[in-house]
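Encoded as structure tokens, the structure appears first; notes follow it.
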Amino acid sequence: MKKLKFVFTVSFVCISSFVFSQNIVYKPINPFFGGDTFNYQQLLASANAQNSFEEDSGFDFTQATDLENFTESLNRQLLNSLSQDLFQQQFGDQSLSVGTFVFGSLVVEVTPSNNGLSVNILDTITGEQTQITIPN
């Protein structure tokens, strides 16, 4: 038994003298984790080549035709004219008077404030609210 231990010990010492090793040193490749900055282009190109995802922007950048532009402009002018007529019927030639006015589902509240005249517009159907301040 002692002889067997001696043989194993001697063989272990002999074999270990022939085995060479070194320290393992981690060196990051990715520049975001401390690697060399010259690796950036190669890593980005590799990632783009492997990426099969295509993002749908959801935006349509087509230009409106002249007819569509004309129709939209005409609609704006008609609505502007209609709103001016309603304003003249409601308030006459004078400016906005303080108070609360109801136009269908819109509630318009005109109040004086430090900065001028404050106009709050509330859509009672959707709950959307807009505040406009008319300076003095």
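Overview of results
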item	result
Scan of the range 80-99 for residues that are modelled with pLDDT of 70 or more, of a type in the set (A, V, I, L, M, F, W, C) and within 23 Å of Pro135 (Cβ to Cβ), ordered by number	Phe87, Val98
Of the criteria (1) out of contact with any Pro (no Cβ under 8 Å at 6 or more places or on another chain); (2) at pLDDT 80 or above, which one Phe61 fails	(2)
Residue within the range 5-21 that is modelled with pLDDT of 75 or more, basic (Lys, Arg), surrounded by fewer than 10 Cβ atoms within 10 Å (Cβ to Cβ) and not in a loop (DSSP other than H, G, I, E, B) present	yes
Count of residues meeting criterion [acidic (Asp, Glu) and surrounded by 10 or more Cβ atoms within 10 Å (Cβ to Cβ)] in the range 54-71	1
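The values are calculated or read from the model by the stated rules, or taken from the named source; none is laboratory data. In this text the structure is predicted, and so the values were computed from the model without any measurement. Cβ sites come from the backbone with ideal geometry, for glycine too, and all protein chains shown count toward neighbours.
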